[in-house]
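The values are calculated or read from the model by the stated rules, or taken from the named source; none is laboratory data. The structure presented is a predicted model; accordingly, all values stated were derived computationally and were not measured. Glycine gets a Cβ as well: all are built from the backbone with ideal geometry, and neighbour counts include every protein chain shown.
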Amino acid sequence: MTIRYGNPNVFDRATEIANAVLESGEFYDAVRAHKQFDSTMMSSAEVARTLSQAYKHRDIKVVTYRPRNPWSRANAYFTDSRPNHLNLNSRKNRTEVQWALTIIHEFTHAAGFGHGDNSRSGKGNTVPYGVEPLALEVIRILGL
């Protein structure tokens, strides 16, 4: 279960949206229907199963942080040293839906999926980036 640990209201709502997506069958159906993700040997069905199991069996905290560098480009990060924390940069001005997609992206890292370095270039079909448009469509379908 993903929970928010911090205080801004936008993060509360973003976490609610991310939870709704990660609890929905529509999301995992969309992941299963995806042709193939890059940077993994798993089939899309295995990716969906891995994400679903990680969501059901991990207690993830969504934590806000304030980077020392006010010009930090990072929206969020996940680190193996704190595997049950998704860290969101509270200095960023983003919508609830944008934050929800970031939470889902970071959650895929917690579930074991990566995309190499932090450049988005050429990584749109890795699991972390590839599930974002799928999640956005589920958000639209669910009316979140």
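Values for this structure:
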read-out: Filtered residues of segment 63-78 (kept if of a type outside the set (Lys, Arg) and out of contact with any His (no Cβ under 8 Å at 6 or more places or on another chain)); value: THR64, TYR65, PRO67, ASN69, PRO70, TRP71, SER72, ALA74, ASN75, TYR77
read-out: Number of the exception - PRO133 against (1) modelled with pLDDT of 95 or more; (2) buried (at least 16 other Cβ atoms within 10 Å of the Cβ); value: (2)
read-out: Selection status of ALA135, touching a Lys or Arg at 6+ places or on another chain (Cβ under 9 Å) and hydrophobic (A, V, I, L, M, F, W, C); value: no
read-out: Residue in segment 66-80 that is crowded, with 16+ Cβ neighbours inside 10 Å, in contact with a helix residue (DSSP H, G or I) (Cβ under 7 Å, 6 or more places away or on another chain), of a type in the set (S, T, N, Q) and part of a loop (DSSP other than H, G, I, E, B) present; value: yes
read-out: Checklist (1) in contact (Cβ under 8 Å) with a residue 60 or more places away in the chain; (2) more than 20 Å from THR126 (Cα to Cα) applied to ALA30, failing item; value: (2)
read-out: One residue from PHE107, PHE37 being surrounded by 20 or more Cβ atoms within 10 Å (Cβ to Cβ), of a type in the set (Phe, Trp, Tyr) and over 20 Å from ALA14 (Cα atoms); value: PHE37
read-out: Where THR40 falls short, out of the listed (1) at pLDDT 90 or above; (2) more than 14 Å from VAL97 (Cα to Cα); value: (1)
read-out: Single unsatisfied condition, ASN87 versus (1) closer than 27 Å to VAL10 by Cα; (2) assigned to a loop (DSSP other than H, G, I, E, B); (3) modelled with pLDDT of 90 or more; (4) not small (Gly, Ala, Ser); value: (2)
read-out: Those residues of segment 81-102 which are crowded, with 17+ Cβ neighbours inside 10 Å and hydroxyl-bearing (Ser, Thr, Tyr), in sequence order; value: THR102
read-out: Checking HIS57 against (1) buried (at least 19 other Cβ atoms within 10 Å of the Cβ); (2) closer than 25 Å to ALA30 by Cα; (3) not charged (D, E, K, R), the condition it does not meet; value: (1)
